[in-house]
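Report on the structure given below.
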Amino acid sequence: MSASQSFAPLPAILGKGVIVMGEVHSREPLIIEGEVEGSIHMPDHLLTIAADGRVHANVKAREIDVHGALNGQAEAKEKMRIRNGAEFIGDIHSASIAIDEGGFMKGSVDLSKPR
């Protein structure tokens with residue numbers, strides 16, 4: 001592979017023992033295994049909430065992939081996915097959404113392209 005070829009950035013990981021109260025801004029993909037309360041702003045990247053992750057926040061991301069729990073307002077430019085065993089409570093504004101069998105969602109959905 002030549003030096004001019006680009007690689008997808010590795011995600012940052014917020015570990016199981018980490019609790020964030022406030023704002024999270026990320027310029028790279030992010031995996032949350034711990035807890036976040038507040039807001040998450042990463043409009044150009046993928047946010048993954050791991051199975052043990054607990055997020056109570058307003059979220060703006062390119063894509064949001066929920067394996068754990070998310071409570072709040074979610075705005076995904078491209079796609080929101082709620083996986084088997086995941087829980088989402090709140091409002092979704094996204095270009096598309098996928099809810100796997102066994103995923104739980106309570107709230108409203110707006111499937112127009114976010115600005």
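The numbers here are math on the coordinates, done by the rules we state, and not lab data. Computed from a predicted model, the values in this text were never measured in an experiment. Here Cβ is always computed from backbone atoms with ideal geometry, including for glycine, and neighbour counts include all displayed protein chains.
Glu33 sits among other residues whose Cβ lies under 14 Å from its own Cβ, and their net charge, with Lys and Arg +1 and Asp and Glu -1, is -1.
Rounded to two decimals, the Cα radius of gyration of the chain over 2.2 N^0.38 Å is 1.04. For Gly103, the residues whose modelled amide H falls within less than 5 Å of its own, excluding neighbours fewer than 5 places apart on the same chain, are Gly85.
Per-residue 3J(HN,Hα) values for the range 95-105, derived from phi via the Karplus relation 6.51 cos²θ - 1.76 cosθ + 1.60 with θ = phi - 60°, read 6, 8, 9, 9, 10, 5, 4, x, x, 10, 9 Hz in sequence order (x marks Gly and Pro). Net charge dipole, the chain: roughly 240 debye, given to the nearest 20, about the Cα centre with Cβ charges of +1 for Lys and Arg and -1 for Asp and Glu. Given their separation in residues at 0.36 nm each and the Cα-Cα distance between them, Arg27 and Asn71 gain 13.6 nm when the chain is fully extended. Annotation: amide H of Glu75 within the under-5 Å range of Val59, Lys60, Ala61, His93, sequence separation 5 or more or interchain, hydrogens built in the peptide plane. For the range 40-115, the residue among Pro43, Gly102, Gly68 whose Cα projects farthest onto the positive side of the dipole built from Cβ charges is Pro43.
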